[in-house]
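FYI, it's all coordinate maths here, none of it is from the lab. Small disclaimer: the values here were computed from a predicted structure and weren't measured. Don't worry about glycine lacking a Cβ; one is built from the backbone with ideal geometry, like all the others, and counts go over all protein chains shown.
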Amino acid sequence: MPHPYVLLSAAVSLDGCLDDTGPGRLLLSGPADFDRVDGVRAESDAILIGAGTLRTDNPRLLVNSPGRRAARVAEGRPEYPLKVTVTASGDLDPDAPFWHTGGEKAVYTTDRAAKSLSGLAADVVPVGPELDWRAILEHLHDVRGVRRLMVEGGGRVHTQLLAQGLADELQLAVAPLVVGEPHAPRLFGPGEYPGGPRARMRLVETRPVGDVVLMRYVPTAPGTGDRASAADRRWLELACELAAQCPPSETAFSVGAVVVAADGTELARGYSRETDPVRHAEETALARIDPADPRLSGATVYSSLEPCARRASRPRPCARLILDAGVRRVVTAWREPDTFVTAADGSGVLRAGGADVVVLPEFEERAVAPNRRLLG
């Protein structure tokens, strides 16, 4: 199911701490970074914090700039983003400023705790016997219309979202100080993160903001099994961009493909007719990888169109090429229509061969775009 774009935002010390252990809040950012964060809030549809952060920091989570609030209203959006918190226990103070400032509020909780939250000035949404981040994100997207979600902590929430492959971006403001306390709260805790300990994120921006340094990272390690991750969406978007580069054809689809190792390393990419008039995108990408590369067994193939199950120009269709290469996970945007092959079912061939197939229909329109003339 589609999710909002999830942005994790935090300020940390040089040794990765969110705070010290003193009674007051340690201010890691300065005026310039506070203003930057205010701008990120204004661009967001919702701002989320965990119940622990709500209890400890007692924040209001407002857009402070009158100009930014006015711009939101002029765009037809609420003056303030939706404020969201999550709690498994239901232990929330109804008198906290969080509930009595800004615009609308929502609480995501367990079925058990929902009964104790009926008096809050908020939309209380139970998501089951346990907190389920995918259910929370789907509800925010489908019911509340949230397309961009800013997450401001705390460390436990950041850890869970990143470990479950649900964070699209990480924005870190690194302050020029060292906390040094062994029990100080840290940005991320132990967990099984996508791609394992050797997976590297991609740095997309770094710049000074006052006396802190802003660093923006995006995840690259694919998801596992039949569940999509934020990185899966990013790689599939690249495959759709590659499809737009295909030389036009009246007898074949334009498709883009990327092969990515489990640690997020791109192994190869390709697009239809890039090197040969009848060569498919997946075929082109796989041909650029050493067949003995041990990373293939844990890799994911991203293809804008479902890999073909039958073809006249080659003895083996792309679905079979993928299986023969040892790849056992495929992410695609669009099931093959009957334009050239009736009842094509590349996904069925892949699944019969033991591969997981993930279809992300929210990318279908982008995959269809360079092929629209073929569809009548």
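Here are the numbers:
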| read-out | value |
| --- | --- |
| Computed lengthening from GLU266 to LEU375, 0.36 nm per intervening residue step minus Cα-Cα distance | 36.1 nm |
| Distance between the stretch 299-335 and the stretch 1-33 - C-alpha centres, whole angstrom | 42 Å |
| Value of relative contact order over the chain, rounded to a whole percent, pairs C-alpha under 8 Å and six or more apart | 15 percent |
| Rounded to whole Å, sorted largest first: equivalent-ellipsoid semi-axes of the chain, Cα gyration tensor | 42, 22, 20 |
| Additional length obtainable on full extension of the chain from GLU192 to VAL178, 0.36 nm per residue less Cα span | 2.4 nm |
| For the stretch 84-155 versus the stretch 170-213, the gap between their alpha-carbon centres in whole angstrom | 26 Å |
| Under 16 Å from the THR339 label point (7 Å along Cα→beta-carbon), backbone N, the stretch 215-255 | 240-255 |
| GNM result for the chain, Cα springs below 10 Å: residue of VAL40, VAL107, VAL327 fluctuating most strongly | VAL40 |
| Positive dipole terminus of the stretch 230-375, leading residue within ALA319, ALA262, LEU360 (C-beta point charges) | ALA319 |
| Under Karplus coefficients 6.51, -1.76 and 1.60, residue-wise ³J(HN,Hα) of the stretch 40-46 in Hz, glycine/proline x | 5, 4, 5, 7, 8, 8, 8 |
| For ARG329, distant residues with modelled amide H under 5 Å away | VAL301, ASP356 |
| Separation of the ALA244 and ARG112 label points, Cα + 7 Å toward Cβ, nm | 5.0 nm |
| Normalised contact order of the stretch 5-218, rounded percent, pairs of Cα under 8 Å and 6 or more residues apart | 32 percent |
| Three-way shape call for the stretch 230-375 based on the alpha-carbon gyration tensor, with the a/c threshold at 1.5 | rounded |
| Summed residue charge, Cβ within 15 Å of PRO248's Cβ, Lys/Arg positive, Asp/Glu negative | +1 |
| Of GLU241, GLU365, GLU336, the one that fluctuates the most in a GNM where the chain has Cα springs shorter than 10 Å | GLU365 |
| GNM top mover of GLY180, GLY90, GLY223 - the chain, alpha-carbon springs below 10 Å | GLY180 |
| Spatial separation of Cα centroids for the stretch 345-374 and the stretch 218-296, in angstrom | 12 Å |
| Net lengthening on full extension, ARG60/ARG202 (0.36 nm per residue, minus Cα-Cα) | 47.9 nm |
